[in-house]
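Have a look at the structure below, then the notes.
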Amino acid sequence: MTDTKKSQHSQWSSRFAFILAATGSAVGLGNIWKFPYITGENGGGAFVIVYLLCVLLIGIPIMMAETMLGRRSRQNPIETMKTLAKEADADSNWHYLGWLGVIAGFLILSYYSVIAGWASAYVLKAFTGSFFSADAAEIKSLFDSFVASPVQLIFWHSLFMLATMLIVVRGVNSGIERAVRFLMPSLFVLLMLLVAYAMTTGSYDQGIKFLFTPDFSKLTANGVLTAMGHAFFTLSIGMGAIMVYGSYLPKDVSISKTVFLIAGTDTVVALLAGIAIFPIVFASGLEPAAGPGLIFQTLPIAFGNMTGGWLFGILFFVMLVFAALSSSISLIEPAVAWLVENKNMSREQACIWSGSITWLLGFGTIFSFNIWSELKIFDRTIFHLLDYLTANLMLPIGGFCIAVFAGWIMKHQHTEQELDMPDAISYQAWKLLISYVAPAAVFLVFLHVIGVL
Ligand code: PFF
């Protein structure tokens with residue numbers, strides 16, 4: 001790593017710019033599309049509690065560690081791990097952690113883009129009035145016939161990947177900042193509106209009860225793993241996305257305060273999405289465990305029946321696409337930063353390479369909703385397998401290694417200096433969580449899943 005390379009590395013214009021970009025990365029399909037459907041599949045309240053505990057005890061400490069690692073080295077995740085391992089006199093194999101992240105990013109984006117494509121298609125459906133006065137059955141068949149068409153899914157997936165690449169080419173600092181600044185507040189307002197609609201359905205109490213009354217008998221070992229994996233997924237941690245954003249962070253910013261703010265916003269958005277969706281699920285006689293189509297089968301009912309629903313429907317899906325875009329760029333940025341900084345590629349070349357690979361990989365997910373829907377590997381469709389492999393395995397493993405590195409390998413004075421916590425007690429609390437609680441929790445959940453515990 002030479003100084004010239006370091007000076008190529010860009011920097012956020014302010015703490016606020018980092019907050020916007022990192023919140024943009026965290027808040028996305030994970031909050032609005034994935035959280036409700038996996039909550040539905042895993043029985044509700046108990047799953048939500050495990051997820052919240054994981055965010056607090058595992059996610060937030062690891063998010064702080066990941067940001068810190070990036071900022072300390074100011075390079076892409078692969079080089080970061082190399083440099084910091086050297087600084088701590090540790091094994092150089094730590095840089096494989098950076099690789100794990102780059103690969104996880106490709107795999108996640110390959111399906112993320114397909115689902116974001118669905119959201120883009122729903123902008124058009126909302127615009128042409130497809131939801132108008134529709135009942136639950138009509139909305140469901142609209143969704144079913146849409147995902148049955150590979151051609152349509154390929155079109156929307158391609159469009160979304162193209163948009164992602166166009167933004168990433170311009171560099172992460174420009175563009176994202178402006179988009180997220182108006183996006184977050186607008187998304188928030190629209191979610192509140194949906195919650196207000198949910199209150200009129202007559203099944204609001206049932207929805208709230210489903211979300212917040214725990215029944216641990218409904219939670220399986222795999223449900224616990226899914227809740228933990230989702231804590232990683234929703235905070236964008238365990239794969240270097242937050243590390244690479246941290247590497248653009250100015251030195252004088254408080255990592256702990258910033259991370260709490262981002263994780264708090266992320267959690268509120270997910271809970272609001274759940275509060276809006278489940279009353280509609282029950283009021284329409286739908287299955288909470290309907291799977292990945294859940295929001296596409298519920299929210300259009302709300303838009304089709306509320307006053308002003310045409311406009312709100314368009315706006316909502318537009319916001320969802322933007323929220324997905326501000327996440328997708330962070331999924332591809334570790335790979336792009338590495339290609340630019342280490343392989344001497346231009347940003348354009350790096351984007352074309354990584355974008356094309358992801359685009360091609362996306363076909364696996366597209367076909368698993370139609371022509372390959374019967375094809376099962378380890379009992380799962382390609383989409384489910386990719387999701388399981390990345391969210392439930394790769395991100396927790398990546399997060400586990402980050403925790404071990406920050407808690408045990410890095411020099412104590414380096415972490416203390418870099419985190420610059422407000423007082424000694426909060427530093428000690430972080431140190432306890434990152435060294436013991438987070439790694440042990442991930443380990444125990446894995447043991448539980450393979451049946452040892
Ligand atoms: N956090 C994003 C979401 O909830 O939609 C998804 C994501 C982005 C996961 C970036 C991982 C990542 F590195």
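The values are calculated or read from the model by the stated rules, or taken from the named source; none is laboratory data. Everything quoted here is computed from the prediction, not taken from an experiment. Cβ placement follows ideal geometry from the backbone for every residue including glycine, while neighbour counts extend to all protein chains displayed. Heads up: the accessible areas ignore ligands, DNA and RNA and are worked out on the full protein's heavy atoms, side chains in. Shrake-Rupley method; radii C 1.70, N 1.55, O 1.52, S 1.80 Å.
A protection proxy built from the mean count of other Cβ atoms within 10 Å ranks the segments 243-250, 341-348, most packed first, as 243-250, 341-348. Of Tyr436, Tyr111, the order by accessible heavy-atom surface (1.4 Å probe, DNA, RNA and ligands excluded), from most exposed downward, is Tyr436, Tyr111. Under the convention that each Lys and Arg Cβ holds +1 and each Asp and Glu Cβ holds -1, the size of the dipole of the chain around its Cα centre is about 620 debye. A compact globular protein would have a Cα radius of gyration near 2.2 N^0.38 Å; the ratio found for the chain is 0.94. In the chain, with Lys and Arg counted as +1 and Asp and Glu as -1 at Cβ, which of these residues, Phe210, Pro279, Gln152, has the Cα nearest the positive end of the dipole, that is, farthest along it? Working it through, the farthest residue towards the positive pole turns out to be Gln152. Against the longest alpha carbon principal axis of the chain, how many degrees, from 0 to 90 and to the nearest 10, is the axis of helix 45-54 turned? Approximately 20 degrees, to the nearest 10.
Taking 0.36 nm per residue of separation and subtracting the current Cα-Cα distance, fully stretching the chain between Lys251 and Val189 would add 19.0 nm. Once the Cβ-Cβ distance of Ile49 and Asn344 is raised to the sixth power relative to R0 = 60 Å, the FRET efficiency obtained is 0.75. Using Cβ point charges alone (K and R +1, D and E -1), the dipole size of the range 277-416 about the Cα centre works out to roughly 120 debye.
Of the peptides 269-278, 23-32, the ranking by mean beta-carbon count within 10 Å, highest at the top, reads 23-32, 269-278. Label positions at Lys411 and Asp91, each projected 7 Å from the Cα along the C-beta direction, are separated by 2.2 nm. Placing unit charges on the Cβ atoms only, positive for Lys and Arg and negative for Asp and Glu, gives the range 377-444 a dipole magnitude near 180 debye about its Cα centre. If the cut-off is a Cα-Cα distance under 12 Å, which aspartates and glutamates reach Lys251, setting aside same-chain residues fewer than 8 apart in sequence? Cα-Cα hits under 12 Å: Glu418, Asp420. Helix 221-235 sits at what angle to the longest principal axis of the chain, using alpha carbons and giving 0 to 90 degrees rounded to 10? Value to nearest ten degrees: 70. From its DSSP helices (H runs of at least four residues, each -39,500 (n - 2.57)), the chain gives a residue-normalised ellipticity at 222 nm of -23000 deg cm²/dmol. Only protein atoms count toward the accessible area here, which uses a 1.4 Å probe; on the chain, the carbon and sulfur part of that area reaches 67 percent.
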